[in-house]
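The values are calculated or read from the model by the stated rules, or taken from the named source; none is laboratory data. No experiment lies behind these values; they were computed from the predicted model shown. What goes into the accessible areas is simple: the full protein's heavy atoms, side chains included, and nothing from ligands, DNA or RNA. Shrake-Rupley method; radii C 1.70, N 1.55, O 1.52, S 1.80 Å.
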Amino acid sequence: MTNAMRTSAGAVTVERYQGVRADGRLRRLWNANAPGYLFLLPWLIGFFGLTLGPALISLYLSFTDFDMLRAPGWVGAANYVRIATADPKFASAMSVTLTYVVLSVPFKLTFALLVALALNRGLRGLPIYRAIFYLPSLLGGSVAIAVLWRQLFASDGLVNAALSHFGIVGPSWISHPSYSIYTLVALSVWQFGSPMIIFLAGLRQIPQDMYEAASLDGASKFRQFYKITLPLLTPVIFFNAVVQTIDAFKAFTPAFIISGGTGGPINSTLFYTLYLYQEAFGNFRMGYASALAWILVVIIAIFTAFSFLTSRYWVHYDD
């Protein structure tokens, strides 16, 4: 056997040996982590099948004229150009949504924090109060509550009936363009239970000895709140603000039920998601609606990124 043949045979042997070792490592890795992979499998199927896959398909459809009746035809960036230059309802829906976000998120967080501070004072039966106050968050996003809200704020609803006892003639809250958005903001604030529970958990993490030391120094309750509670609670405030802002941008059910799906009166409750729904399933412009959806994704991403970038200046974490 020549030297070249011996060298070639040795190389083949080494490759087979390395292949066997690699197979062995993969088998040991699979045997060690198989239960974890199996537990992850439902989430992976859901993520790729119900989230990532449809998202990529909608991204493709946003560059087409798909109307759910014919095969999608490629139109390039025409949908995005039309949204930016020739769609007045886009600007109207964005204005309504931003108004809703700017009003509902601060009011909801403030109300949730006040209730959490009240519950953190060592009340008896705290779990019962906690469950009662959390209940609106469970029910608030439902169709039934939206219908109930519409009945409450109708011109002959319970709110105006209560005002009439004080000699006040209330307006038609949901059919007047000047007031309709505020009924939706009130419904959003009413669903304060979820951030309230998170605030309450954050308040429980603040060491009580800091309050005791501040009391010995003569600090008032307001000063203790301003100098101790608020700074130590900023990570929780930041978390709640980001989550509630994203939820506010995605609000759909209350506006759909209260306006009957029209976004009226005079587009005063035309939330962005409601306009997106109208384009997709009312006008059968699925490609155009997909472009609207991706613009909303970008806007939410910008707001979230801006929140994280500015958080370094006002959110305090323990070192």
Of every Cα-Cα pair in the chain, the percentage lying beyond 34 Å is 47
Accessible area per residue, Å², the chain with all protein chains present, probe 1.4 Å = 60
Between the Cα axis of helix 234-249 and the main Cα principal axis of the chain, the angle (0 to 90°, nearest 10) is 90
Mind pulling the angle between the C-alpha long axis of helix 286-311 and the longest principal axis of the chain? Nearest 10 degrees, somewhere in 0 to 90.
-> 80
T64 long-range amide H proximity, modeled H, under 5 Å = V75
Give me the distance between the Cα centres of the range 200-236 and the range 83-110, rounded to whole Å.
-> 35
Carbon plus sulfur, as percent of the 1.4 Å-probe accessible area of the chain, comes to 68
Per 10 Å bin, what is the whole-percent P(r) computed from every C-alpha pair distance within the range 160-319?
-> 9, 24, 26, 21, 15, 4, 1
Note: the range 237-319, point scatterers on Cα, Debye, no solvent; log10 I/I(0) at q = 0.13, 0.19, 0.20 Å⁻¹ equals -0.53, -0.87, -0.92
